[in-house]
Amino acid sequence: MNVAKIIMALISGAFFCQNVYAGNQQEEKLSADVQASLHSSIINPIQPRLVFPTKEQADAWLSDMSNRLKKWIPDDFMRNRLLTIIQYESVRAGLDPQLVLSVITVESRFNKYAISSAGAMGIMQVMPFWVRQIGASGQDLLQVQTNIRFGCTILRHYMQLEHGDVYYALGRYNGSRGQPTYPNLVFSAYQKYWQPAAVMTLSKSGEVKYINYN
C-alpha cells in the first residue's frame, strides 16, 4: 500500500485547520468470524519495539519523528516511548505509521486523555462500544498502548472493508464516510507534519550519509 501516492493524489484543495476532529465510529453488527479476528488482534499486548529492517533505519526514524513531535510532547522519554508504541502497533496492524501519526494529529493532538462529546476516548478517539465488541473486560481506552492497538485494529478493519481505499476508510473511522472534510484533514496533517524524509547522519569517519527509513 503506497499511502504517500494516494495522499498526494487526493491532497489537492485540502486544508489543515486547528480544530480537533474527534472520532465517531459507527457501531456495526460484526459476523462471528470478523469479531473473533478483531478480538485476536486486540488481546495480549506485548512490549513494543521499533520494527525496521536495520537498527540504523530505526534510529533515523525515531530521531526524525521525535524532533517533529516535540511541539506536542516536550518530554524526551515520553515522546520516544509513544513513538515506539505508534510504530510498533501500526506495523503490527499492517498500516503506515505516518498515516497513523496523521490520524492522531487530527483526532486528539496527542492528548491521551481526550474524550469527545460523542464519547470517543483517548489518543486515537476510540468509541467505547469497541471494547464490548472485540475487547476484553477491564481494558482501559485511556491507556495509551491499548488505545493505539484498538485504533490501529479498527482502521485496518475499515481498510479491509474498503478494499484498501484510504479515503473511504478514514471516513468510516470518523463516522463520515464519503464526506471529504475528515480525510482531507488527515491528508493535510500527513503532508504538513509526517511525510517521510531521508535523514542526514555522520559516520564515525565523518562521512555524511542519508538514511531512508521509509
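Just so you know, all these numbers are worked out from the coordinates, no wet-lab data involved. No experiment lies behind these values; they were computed from the predicted model shown. Note: ideal-geometry Cβ built from the backbone for every residue, glycine included; neighbour counts use all protein chains shown.
Points worth noting:
- Extension reserve of the Arg68-Lys29 stretch, reckoned as 0.36 nm per residue once the Cα distance is removed: 10.2 nm
- Between amide H atoms placed 1.01 Å from N, distances below 5 Å from Val126 occur with Met121, all of them 5 or more places distant or on a separate chain.
- Of Phe77, Phe187, the sequence from fewest to most neighbouring Cβ atoms within 10 angstrom is Phe77, Phe187.
- Backbone N within region 29-45 under 14 Å of label point (7 Å from Arg132 Cα along the Cβ vector): 29-30
- Two-site label geometry, Gln143 and Asn212: point separation in nm, points 7 Å out along Cα→Cβ: 4.0 nm
- Rounded, prolate or oblate (a/c below 1.5 giving rounded, otherwise prolate when a/b exceeds b/c) for region 115-159 by Cα gyration tensor: rounded
- Residue order, fewest to most beta carbons within 10 Å, for Tyr88, Tyr210: Tyr210, Tyr88
- Volume per residue that the Cα convex hull of the chain spans, once the total is divided by residue count, Å³: 130 Å³
- Karplus-derived HN-Hα couplings along region 179-188 (A = 6.51, B = -1.76, C = 1.60, θ = phi - 60°), whole Hz, x at Gly and Pro: 9, x, 4, 5, x, 5, 5, 5, 4, 5
- Restricting attention to the chain, the count of lysine pairs at 8 or more positions apart or across chains with alpha carbons under 25 Å apart stands at 11.
- On Cα atoms only, tilt of 32-42 relative to the major axis of the chain in degrees: 40 degrees
- Counted by neighbouring Cβ atoms within 10 Å, the residues Lys112, Lys209 run from fewest to most as Lys209, Lys112.
- Inter-site label distance for Gln191 and Gln179 at 7 Å from Cα along Cβ, in nm: 2.1 nm
- Residues of region 130-151 with amide N under 15 Å of a point placed 7 Å along Cα→Cβ from Leu161: 130-131, 133-134, 151
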